[in-house]
Amino acid sequence: MTVKIPRGIRNNNPGNLDYVGQPGAHLETGVPCPRFAAFSTMADGIRALRDQLLRYGERGLTTVSAIISVYAPARENPTGAYIYALCSHMGVQPDTVLDLRDPATQRALIAGIATVENGPGHLGLAQIDQALHAAPAPSQPVVEV
């Protein structure tokens, strides 16, 4: 029996971020229409997701509903189900205002997004914590996703 590893895990991109020239990333390979970023390490992919969430916060997107409506738009995703799953995972309401600079909030968002994007059991909280503590959040994000 062959087990297929989810794309986000294969690409070290647990949030399935589109490739937009992120530092340390390249365009995924081995697919007919490449779109997603591939990172050298899972820690790089985790930090890229954190950085994207911080950019959303700087734009005023500070609730699960606001973030996921942009992150996983209805034209491509079952956005309502995504919001529900993430809120259930985090124990918040869709319109709860989140402090996206808070490490515990970042951890919960990243873990929830990774689970929705890739299925459960592929990314551990220890992995997230290690990646987030290894490099501080940027003071001035440079890449818009």
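Quick check on Asp51: is it more than 19 Å from Leu98 (Cβ to Cβ), assigned to a helix (DSSP H, G or I) and under 15 Å from the mean Cα position of the chain (by Cα)? No, not satisfied. Being of a type outside the set (Ser, Thr, Tyr) and touching a strand residue (DSSP E or B) at 6+ places or on another chain (Cβ under 8 Å), is that true of even one residue in segment 45-62? Yes, the conditions are met somewhere in segment 45-62. Restricting attention to segment 62-70, does a residue exist that is in a helix (DSSP H, G or I), of a type in the set (Val, Ile, Thr) and surrounded by fewer than 18 Cβ atoms within 10 Å (Cβ to Cβ)? Among the residues of segment 62-70, at least one is in a helix (DSSP H, G or I), of a type in the set (Val, Ile, Thr) and surrounded by fewer than 18 Cβ atoms within 10 Å (Cβ to Cβ), which makes the answer yes. Screening Gly45 against (1) farther than 16 Å from Ile128 by Cα; (2) out of contact with any helix residue (DSSP H, G or I) (no Cβ under 6 Å at 6 or more places or on another chain); (3) surrounded by 12 or more Cβ atoms within 10 Å (Cβ to Cβ) leaves a single unmet condition, (1). Screening segment 33-82 for residues that are among the charged types (D, E, K, R) and touching a residue at least 24 places away in the same chain (Cβ under 8 Å) and picking the one that is farthest from Ile113 (Cα to Cα) gives Glu58. Kindly indicate whether Glu28 is without any contact (Cβ under 8 Å) to a residue 60 or more places away in the chain, in contact with a Pro (Cβ under 7 Å, 6 or more places away or on another chain), farther than 24 Å from Arg101 by Cα and not small (Gly, Ala, Ser). For Glu28, the condition - without any contact (Cβ under 8 Å) to a residue 60 or more places away in the chain, in contact with a Pro (Cβ under 7 Å, 6 or more places away or on another chain), farther than 24 Å from Arg101 by Cα and not small (Gly, Ala, Ser) - is met.
The numbers here are math on the coordinates, done by the rules we state, and not lab data. Since this is a predicted model, take the numbers as computed values, not measurements. Note that each Cβ is placed from the backbone with ideal geometry, even for glycine, and that neighbours are counted across all protein chains shown.
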